[in-house]
């Protein structure tokens, strides 16, 4: 899992230090604290972090849905909804929630969820000037898709390649931009030939995972 960029960690203090302390540990550290807090307290905490005093009433039903979810798949929609409300207002909490969505996508082998969460996490990292971290989310998504018999829309893979090339260029990494551009061109040939590898499994002859850059 790509580490969250340090610049995405804002100094936001609330009156709930346990939830505040759990947040920088990521989704798996924050979720137990959120459950312990309960829906009413959690909704109020989220609203305070977002600076919106009217938000708790709006949030409470979706927060209850999030905490009551019995499976990772049931957590996807409420986590997405809350994360979308927080983007731009509290990027650290939005990042944590999108991380939860990404992990749920991994657990359920749901490419749509994986690529949606990947795009959101990458955008948060890029907004904080962390181009390498942003690219690594997309690299991780491609490596995930290449494993086993996982299936995705070719457009999702093409988007991932586009984003890595763009971010490598922004990060002054022309060699990597060219390398991923070459890899994309090879993948696109499979798409055009309607090769099964364009939608399922690994399209590379070498199973080694893609790497980022220093």
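Please treat every number below as a calculation from the coordinates, not as lab data. Everything quoted here is computed from the prediction, not taken from an experiment. When we count neighbours, we look across all protein chains shown, and the Cβ atoms used for this are built from the backbone with ideal geometry, even at glycine.
The table that follows gives values for the structure above.
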{"quantity": "Footprinting exposure proxy for 48, 75, 175 (fewest neighbouring C-beta atoms within 10 Å first)", "calculated": "175, 48, 75"}
{"quantity": "Residue of 122, 108, 152 that the Gaussian network model of the chain assigns the largest fluctuation, springs spanning Cα pairs under 10 Å", "calculated": "108"}
{"quantity": "Paramagnetic label zone (point 7 Å from Cα along Cα-to-C-beta, residue 191; backbone N under 12 Å) in segment 126-169", "calculated": "153-163"}
{"quantity": "Expected 222 nm ellipticity per residue - DSSP helices of 4 or more, -39500 (n - 2.57), all of the chain, to 500", "calculated": "-22000 deg cm²/dmol"}
{"quantity": "Segment 113-159 - Rg over Rh from alpha carbon coordinates, Kirkwood radius", "calculated": "1.00"}
{"quantity": "Equivalent ellipsoid dimensions for the chain as semi-axes, Å, which come from the Cα gyration tensor, largest first", "calculated": "34, 19, 13"}
{"quantity": "Candidates 181, 105, 148, ranked by Gaussian network fluctuation over the chain, Cα under 10 Å, top entry", "calculated": "148"}
{"quantity": "Nearest-ten-degree value, helix 72-86 long axis tilted from longest Cα axis of the chain", "calculated": "80"}
{"quantity": "Cα-based helix-to-principal-axis angle, 111-127 vs the chain, degrees rounded to 10", "calculated": "80"}
{"quantity": "Pairwise centroid distance, computed over Cα atoms, of segment 144-211 with segment 78-97, Å", "calculated": "28"}
{"quantity": "Segment 130-214: Cα Rg divided by the 2.2 N^0.38 Å rule of thumb", "calculated": "1.03"}
{"quantity": "Convex hull volume of segment 172-214 per residue (C-alpha atoms, cubic angstrom)", "calculated": "77"}
{"quantity": "Using alpha-carbon coordinates, inclination of helix 131-146 to the longest axis of the chain, degrees", "calculated": "70"}
{"quantity": "Residue exposure sequence - 115, 180 - by fewest surrounding Cβ within 10 Å", "calculated": "115, 180"}
{"quantity": "Global geometry of segment 34-140, whether rounded, prolate or oblate, following the gyration tensor of its Cα atoms and the 1.5 cut on a/c", "calculated": "oblate"}
